[in-house]
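Each remark here refers to the structure printed beneath this line.
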Amino acid sequence: MEKRVFKDNNATAGAFAEFLYKKAQSNDSLTIALSGGSTPKALFKILAEEYQAKIDWSKLHFFWGDERMVAPDHEESNFKMTNDLLLSPVGVPSDNIHRVLGENELDKEVERYGALIRDQVKSNNGLPAFDIVMLGMGGDGHTASIFPPDLGLMHAEGVCAAGTNPESGQKRVTLTGPVINNSKHICFLVTGAGKAEKIDEIFNRKGGYKTYPAAHVNPIQGQLTWFMDESANEKLK
């Protein structure tokens, strides 16, 4: 487990942008599962402003690690945020954008999106193996849309599952733990002092870490890198 620490949110996002640029330079194609949240928002802006001409966007195929069951033009849609800030500005080909249809019925979309991923992403160990999975971590230790009450989804069968935000009750589609852990490179982007306590518990394997889905992210054969800012790393100094 590699840890990379940067000054603040923008510096963390900038470091991941450079990481993605180098990956794109050294690979003929990349399959990437994206996340939502504040740090990816900064990342997408940096990529659009500084890397539009540097990256061959036709090489990259974009998927989502989780998505809310809302229409693609809804303000809470991860797709909308990514499309507005990155995909549309840099001109990613439409055939390279594989979104969750949040306007669909939940169970049908879980099945449809899982089948789409199996069709579009090369397999290893009997499961799709993304080149890069980008993850965030909530203040409760959740990642993707796997929350502590649904920790079993970290070990669920299938490519996708139905997740539920325990506070709002909002339904979501999420990648399952086995698919996340089957990825070639898993990258957490975590910033802010509000995450420091959970990161301390996860890295030092103490407290309630076993109940946090993020603590169960452990790639089978790939790499795991935590990109974080100084505030999130405060307790690990």
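The values are calculated or read from the model by the stated rules, or taken from the named source; none is laboratory data. Bear in mind the structure is a predicted one, so any value in this text is a computation, not a measurement. Because the Cβ atoms are built from the backbone with ideal geometry, glycine has one as well, and the counts that use them run over all protein chains shown. Quick note on the areas: whole protein, heavy atoms, side chains included, nothing else; ligands and nucleic acids left out. Shrake-Rupley method; radii C 1.70, N 1.55, O 1.52, S 1.80 Å.
Answer rounded, prolate or oblate for region 124-237, using the Cα gyration tensor with square roots of eigenvalues a ≥ b ≥ c: rounded when a/c is under 1.5, else prolate when a/b is larger than b/c, else oblate.
Details: a/c = 1.88, a/b = 1.27, b/c = 1.49.
Oblate shape, in that a/c is at least 1.5 and b/c is the bigger or equal ratio.
Students sometimes get this wrong: rank Lys3, Lys108, Lys235 by accessible area, probe 1.4 Å, all chains present, largest first.
Values: Lys3 80, Lys108 150, Lys235 115 Å².
Per-residue accessible area, sorted high to low, gives Lys108, Lys235, Lys3.
Can you tell me the accessible area per residue over the chain, all protein chains present, probe 1.4 angstrom, in square angstrom?
Values: 10460 Å² over 237 residues.
Computed with neighbouring chains in place, this is 44 Å² per residue.
Once region 192-235 is represented by equal point scatterers at the alpha-carbon sites, with solvent omitted, what log10 I(q)/I(0) does the Debye formula produce at q = 0.15, 0.26, 0.28 Å⁻¹?
Log-scaled intensity ratios, in q order: -0.38, -0.98, -1.05.
For the chain, state the semi-axes of the equivalent ellipsoid (square roots of 5 times the eigenvalues of the alpha-carbon gyration tensor), sorted largest first and rounded to whole angstrom.
Details: eigenvalues 113, 99, 59 Å².
In descending order the semi-axes read 24, 22, 17 Å.
What is the pair-distance distribution P(r) of region 1-69, computed from all Cα-Cα distances in 10 Å bins starting at 0, with each bin given as a whole percent?
18, 50, 29, 2
In whole Å, what are the extents of region 64-178 along the principal axes defined by its C-alpha atoms, from largest to smallest?
Here the spans come out as 38, 35, 26 Å, largest first.
What length, rounded to one decimal in nm, is gained on full extension from Glu18 through to Ser88, with 0.36 nm per residue of separation minus their alpha-carbon distance?
Working: separation 70, 0.36 × 70 = 25.20 nm, distance 2.00 nm.
Gain on stretching Glu18 to Ser88: 23.2 nm.
Round to a whole number: what % of the accessible area of region 92-150 belongs to carbon and sulfur, probe 1.4 Å? If you can, show how the numbers build up before the last one.
Details: 1200 of 2590 Å².
That share works out to 46 percent.
Amide H neighbours of Ala33 under 5 Å, at least 5 residues apart or on other chains, H built in the peptide plane: list them.
Phe63, Ile132, Val133, Met134
Would you grab the residues whose amide H sits under 5 Å from the one on Val100? Only those 5+ places off in sequence or on another chain, please, with H modelled 1.01 Å from N.
HN-HN under 5 Å from Val100: Trp64.
Around Ala144, which amide H atoms from residues at least 5 apart in sequence, or from another chain, sit under 5 Å from its own amide H, with H modelled in the peptide plane?
Amide H neighbours of Ala144: Gly136.
Could you run the Karplus curve 6.51 cos²θ - 1.76 cosθ + 1.60 with θ = phi - 60° over region 215-225 and give me ³J(HN,Hα) per residue in whole Hz, x for Gly and Pro?
6, 9, 7, 8, x, 5, 9, x, 9, 10, 10
Modelled label-to-label distance, Arg118 and His155, 7 Å Cα→beta-carbon offset: nm?
According to this spin-label approximation, the distance is 2.3 nm.
Enumerate the aspartates and glutamates that Lys171 could reach by cross-link, defined here as Cα to Cα under 14 Å, with residues fewer than 8 away along the same chain left out.
Asp66, Glu67, Glu76, Glu103, Glu105, Asp107, Glu109, Asp150
In nm, what is the difference between 0.36 nm times the number of residues separating Lys3 and Leu106 and their Cα-Cα distance? Could the numbers behind the result be given before it?
Numbers: separation 103, 0.36 × 103 = 37.08 nm, distance 3.55 nm.
Using 0.36 nm per residue and subtracting the Cα-Cα distance, I get 33.5 nm.
Consider a paramagnetic label point 7 Å from the Cα of Gln223 along Cα→Cβ; state which residues of region 181-205 have an amide N under 15 Å from it.
The answer is 183-189.
Less than 30 Å apart at the alpha-carbon level, and either on another chain or at least 8 residues along: which lysines does that give for Lys237?
Straight-line reach from Lys237, under 30 Å: Lys3, Lys7, Lys22, Lys23, Lys41, Lys45, Lys184, Lys195, Lys198, Lys206, Lys210.
So what is the 222 nm mean residue ellipticity for the chain from helices alone, if each DSSP H run of at least 4 adds -39500 (n - 2.57) and you divide by all residues, rounding to the nearest 500 deg cm²/dmol? Present the calculation step by step, with values, prior to reporting the outcome.
Details: 6 runs with 64 residues, N = 237.
Value at 222 nm, helices only: -8000 deg cm²/dmol.
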